1. Going by what's in this entry, would Ser60 be described as among the small types (Gly, Ala, Ser) and out of contact with any strand residue (DSSP E or B) (no Cβ under 8 Å at 6 or more places or on another chain)?
2. Between a first residue in region 101-117 that is closer than 10 Å to Ile62 by Cα and a second residue that is of a type in the set (Phe, Trp, Tyr), which pairs have beta carbons less than 9 Å apart while being 6 or more apart in sequence or on different chains?
3. Can you confirm whether Glu77 is among the charged types (D, E, K, R), surrounded by 12 or more Cβ atoms within 10 Å (Cβ to Cβ) and in contact with a helix residue (DSSP H, G or I) (Cβ under 7 Å, 6 or more places away or on another chain)?
4. (1) polar (S, T, N, Q); (2) surrounded by 15 or more Cβ atoms within 10 Å (Cβ to Cβ); (3) within 25 Å of Asp125 (Cα to Cα): which one isn't true of Thr42, the others all being true?
5. Being part of a helix (DSSP H, G or I) and surrounded by 15 or more Cβ atoms within 10 Å (Cβ to Cβ) is the filter here, so list the residues in region 87-102 that pass it.
6. Which of the residues belonging to region 103-127 are surrounded by 17 or more Cβ atoms within 10 Å (Cβ to Cβ), touching a Cys at 6+ places or on another chain (Cβ under 9 Å) and of a type outside the set (A, V, I, L, M)?
7. Might you let me know whether region 70-86 holds any residue that is in contact with a strand residue (DSSP E or B) (Cβ under 6 Å, 6 or more places away or on another chain), closer than 20 Å to Val129 by Cβ and not in a helix (DSSP H, G or I)?
8. State whether the residues of region 48-64 include one that is assigned to a loop (DSSP other than H, G, I, E, B), hydroxyl-bearing (Ser, Thr, Tyr) and either over 15 Å from Lys142 (Cα atoms) or modelled with pLDDT under 95 (or both).
Amino acid sequence: MGKMLLVVWMALHISKKSEKNGMISLRLLLDTNVVIDFLKQTDNALDLLSLLLQHECLTSVIVKLELLKSPDITSDEESAINEFLQFVPIIPINTAIESETIALSRFSKLKLPDAIIGATAIVYDAEIVTFDPHFLKCQYEKLHIWDSA
């Protein structure tokens with residue numbers, strides 16, 4: 001991640017923590033592909049940056065695991081991921097997420113990691129920010145995909 005982009009993210013994220021809850025209109029759960037694109041500074045992710053910074057962002061422990069699992073990850077990539085994740089709350093799996101994962105998995109054809117990410121969003125009343133179409137195909141009533149439009 002470019003140093004300037006990281007500094008902007010950190011400054012705005014830190015200042016957001018001091019805001020009253022009424023100032024933040026949405027809770028957004030970042031999917032793995034959004035974080036990857038953000039770290040790579042793709043046009044898609046950079047276009048979302050100003051919109052994301054207006055809201056509370058968090059992510060699932062599954063996203064952290066997916067980001068760091070590659071045996072080919074370089075030390076620079078790992079450092080950038082860990083640096084980014086310092087400023088985004090990482091939600092661990094708990095019993096409520098387990099129960100919601102089971103319900104979501106039974107309803108949808110999502111793979112287990114995606115079902116856990118979806119369940120995390122449901123339990124934490126967050127909308128998923130993703131570039132993957134598989135979440136869009138899931139018509140589970142409780143699952144909401146963030147629309148930046």
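The values are calculated or read from the model by the stated rules, or taken from the named source; none is laboratory data. Remember, predicted model here, so these are calculated numbers, not experimental data. Positions of Cβ are backbone-derived with ideal geometry, glycine not excepted, and every protein chain shown enters the neighbour counts.
1. Numbers: among the small types (Gly, Ala, Ser): yes; out of contact with any strand residue (DSSP E or B) (no Cβ under 8 Å at 6 or more places or on another chain): no.
Spelling it out, it is not the case that Ser60 is among the small types (Gly, Ala, Ser) and out of contact with any strand residue (DSSP E or B) (no Cβ under 8 Å at 6 or more places or on another chain).
2. Sorted first by the residue in region 101-117, then by its partner, the pairs are Asp114/Phe135; Ile117/Phe135.
3. Details: among the charged types (D, E, K, R): yes; surrounded by 12 or more Cβ atoms within 10 Å (Cβ to Cβ): yes; in contact with a helix residue (DSSP H, G or I) (Cβ under 7 Å, 6 or more places away or on another chain): no.
Answer is no for this residue.
4. (3)
5. Quick first cut of region 87-102, residues part of a helix (DSSP H, G or I) only: 95-102.
Listed by number, the residues that qualify are Ile97, Glu100, Thr101.
6. Ser108, Asp114, Gly118
7. Restricting attention to region 70-86, the residues satisfying the condition of being in contact with a strand residue (DSSP E or B) (Cβ under 6 Å, 6 or more places away or on another chain) are none.
There is no residue in region 70-86 that is in contact with a strand residue (DSSP E or B) (Cβ under 6 Å, 6 or more places away or on another chain), closer than 20 Å to Val129 by Cβ and not in a helix (DSSP H, G or I).
8. Restricting attention to region 48-64, the residues satisfying the condition of being assigned to a loop (DSSP other than H, G, I, E, B) are 53-55.
Now narrow it down to the ones that are hydroxyl-bearing (Ser, Thr, Tyr): none.
No, region 48-64 contains no residue that is assigned to a loop (DSSP other than H, G, I, E, B), hydroxyl-bearing (Ser, Thr, Tyr) and either over 15 Å from Lys142 (Cα atoms) or modelled with pLDDT under 95 (or both).
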